[in-house]
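Take a look at the structure set out below.
The values are calculated or read from the model by the stated rules, or taken from the named source; none is laboratory data. The model shown is predicted, which means the values in this text are computed figures rather than measured ones. Cβ atoms come from the backbone with ideal geometry, glycine included; neighbour counts cover every protein chain shown. Only protein heavy atoms, including side chains, enter the accessible area calculation; ligands, DNA and RNA are left aside. Shrake-Rupley method; radii C 1.70, N 1.55, O 1.52, S 1.80 Å.
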Amino acid sequence: MRTVVCKNSREMSEKAAKMIESQVILAPSCVLGLPTGETPVETYRLLSEACEKGEVDFSGVKTYNLDEYYPMSPENAHSYRYFMEQNLFSRVNVKKENTHVLNGEAEDPDAECAAFEEMIEKDGGIDLQVLGIGENGHIGFNEPGASLYARTHLTTLTQSTRNANSRFFGSVSEVPERALTMGIGTVLKSKKILILASGAKKHKAVRRLLSGEVDTDYPATLLNLHSDVTLICDEAAFSSERIGVDIGGTNVKLCVLNDANETVFKTAVKTPGGSREDLLKLICGKCLEIMKERNIDAVGVGTPGIIENGLVTAVNLPFYKTDLCKEIGDALGLPVRVSNDASCAALAEKTCGAAKGFDNAVLLSLGTGVGGGLILGGRLYEGRGSAGEAGHFVLRAGGRKCACGKRGCFEQYASAGALARAAKKEAQKAPQSVLARLILENGGKAGGEIIKKAADAGCPSALAAIDAYSRSLALGIDGLAALLDPDVFVLSGGVSLLGDALINSVKKHIKCGLPVKRALLGNDAGAVGAALLQ
Ligand code: PGA
């Protein structure tokens, strides 16, 4: 199937009109199969305009319409005969006797359908069949079902089609319950098929069509059996987007990525302090708000903590063996993937950040704790769910006590706390230094910002603190390098905001000689990476 994606429905209509015009110019006595509905209205207007200007001549063209309500008088303003007269037939120079719309008043509908098929055959078959697509995947009035009639037939409309078409009537109850329609076999016998789709409400149908499957429950997918089909649709019908959710102790960040992995929307809300239900309600509520406006296909969630068999346990969040995929997935009716937040950040940096173009990368997030994410062989490596927990391999036997219960974990020497300790030590050694003064002014706290400010001012004590901290960090990096031999290390998290001062110092101390880079996506990495989970 050839797929042409247009910016909007206007452009879709222009391209469709051009394709129909070309057909008529190349074969002036061709047979066109035509649809009704909202989608082709602008295309018909453009064809009428072209005909008025003398650019295209319909005098030799024969037309067959896809369907008609039953029972329905051709004079009724809701009939498809009426629609075609209004939108095309009366506005182009097609001969009345060459236009064929099934008779919604036929006493014997079966005979009407058989005669219609015969006429198409006699006219040499349909050269170009133009189609719309129903939200439920119907083509003409071929509704989803276990078996589909191949030929023109009388059919019963589904409730969803009657609901969708009620916009043209006063109410659903006025929409006829039955219709006459070309069969899927009739459509598939056409030499060429052009299918049009516009607007977000057609997105699911378009995606199913493009999946390549053939399923009678989605009649449009049967077009995949034809060798000459062109789909012209607009971006709203075509593009699919994913939500990424990064659950943090302070904020929940959400973003939406499009097909090109560009962030098209982002927002953040405060993490509610209460129960698991409160937190999930907030996340699902935000996602549902986004889903009202956009074509969301999937949701990814990044969370701190341990993930075992898909169950999340996080100390700082109300999650204990929580099945986030199921709980969020059931509420949204979408597939949900969950991963560790540092793994998400690694995936984001690999896809569109500092590790782009590298197949093997280790991300270290240096903040209150130390997290890690692994990209191995071009893919996120999660082990059994929690791989990359770099903060908790032991760097110094019998070293500092860690919250995890062990001693000497890497986290104890590479977290923001470790940097603050190094800074305070240097400040004590040189009470007159810029660093010491800034720490004093800050009530004795040695935050990353202060250390950066002092380092940027060239303060030797600040640079010495960064150097001391970097020695430990480099030790851990060398250990990981020996084990994984990645192409690149990426440093993220609060400490990485020290920038070049940190990177240069780490590079000086590592023995592995591998590239060390600062993460590029900053605070967005978790949510972006979550949206990239597959
Ligand atoms: P629409 O209908 O063009 O009005 O969306 C298409 C269809 O239901 O086949």
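Structure notes:
- Tally, over the range 234-254, of residues that are open to solvent by less than 20 Å² (accessible area, probe 1.4 Å) and assigned to a helix (DSSP H, G or I): 1
- Which listed residue is crowded, with 17+ Cβ neighbours inside 10 Å, within 30 Å of ALA525 (Cα to Cα) and of a type in the set (Ser, Thr, Tyr), from SER492, SER461, SER433: SER492
- Only listed residue being of a type outside the set (D, E, K, R), within 29 Å of LEU475 (Cβ to Cβ) and under 23 Å from the mean Cα position of the chain (by Cα), chosen from ALA361, ALA345, ALA390: ALA345
- Qualifying position, being assigned to a helix (DSSP H, G or I) and crowded, with 21+ Cβ neighbours inside 10 Å, among ALA481, ALA455, ALA446, ALA468: ALA455
- Tally, over the range 188-199, of residues that are hydrophobic (A, V, I, L, M, F, W, C) and either away from the ligand (no atom under 12 Å from the Cβ) or surrounded by fewer than 18 Cβ atoms within 10 Å (Cβ to Cβ) (or both): 3
- Extreme residue, farthest from the ligand (Cβ to nearest atom), among residues of the range 51-79 that are open to solvent by 20 Å² or more (accessible area, probe 1.4 Å) and in contact with a strand residue (DSSP E or B) (Cβ under 6 Å, 6 or more places away or on another chain): LYS62
- Number of residues in the range 491-510 that are more than 37 Å from the chain's Cα centre (by Cα) and among the aliphatic types (A, V, I, L, M): the value is 3.
- Per-region count, the range 440-492, residues farther than 25 Å from LYS511 by Cα and among the β-branched types (Val, Ile, Thr): 2
- Taking first residues from the range 291-302 that are at pLDDT 95 or above and partners that are hydroxyl-bearing (Ser, Thr, Tyr), the Cβ contacts under 8 Å between residues at least 6 apart in sequence or on separate chains come to GLY300/SER339; VAL301/SER339; GLY302/SER339; GLY302/SER343.
- For ALA474, the conditions (1) outside any helix (DSSP H, G or I); (2) open to solvent by less than 30 Å² (accessible area, probe 1.4 Å) all hold with the exception of (1).
- Within the range 46-55, one or more residues are in the same structural domain as GLY134 (by TED's automatic domain parsing), of a type outside the set (D, E, K, R) and within 25 Å of LEU188 (Cα to Cα).
- Residues in the range 126-161 that are surrounded by 17 or more Cβ atoms within 10 Å (Cβ to Cβ), away from the ligand (no atom under 11 Å from the Cβ) and among the charged types (D, E, K, R): ASP127 only.
Conditions tested, residue by residue: (1) open to solvent by less than 60 Å² (accessible area, probe 1.4 Å); (2) assigned to a strand (DSSP E or B); (3) within 16 Å of the ligand (Cβ to nearest atom); (4) closer than 17 Å to ILE133 by Cβ.
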site: ALA16; (1), (2), (3), (4): yes, no, yes, yes
site: GLU21; (1), (2), (3), (4): yes, no, no, no
site: VAL24; (1), (2), (3), (4): yes, no, no, no
site: SER29; (1), (2), (3), (4): no, no, no, no
site: GLY33; (1), (2), (3), (4): yes, yes, yes, yes
site: THR43; (1), (2), (3), (4): yes, no, yes, yes
site: GLU49; (1), (2), (3), (4): no, no, no, no
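- Residues that are open to solvent by less than 20 Å² (accessible area, probe 1.4 Å) number at least 2 in the following strands (runs of 3 or more DSSP E) confined to the range 301-374: 311-314, 319-322, 336-340, 361-366.
- Residue among GLY249, GLY212 that is away from the ligand (no atom under 15 Å from the Cβ), modelled with pLDDT under 95 and at positive phi: GLY212
- Residue list for the range 162-184, filter: more than 12 Å from the ligand (Cβ to nearest atom), open to solvent by 30 Å² or more (accessible area, probe 1.4 Å) and in a helix (DSSP H, G or I): VAL172, SER173, GLU174
- The range 383-392, subset in a loop (DSSP other than H, G, I, E, B) and open to solvent by less than 40 Å² (accessible area, probe 1.4 Å), residue nearest to SER470 (Cα to Cα): GLY388
- All conditions in (1) in contact (Cβ under 8 Å) with a residue 40 or more places away in the chain; (2) within 16 Å of the ligand (Cβ to nearest atom); (3) not in a loop (DSSP other than H, G, I, E, B) hold for THR230, with the sole exception of (2).
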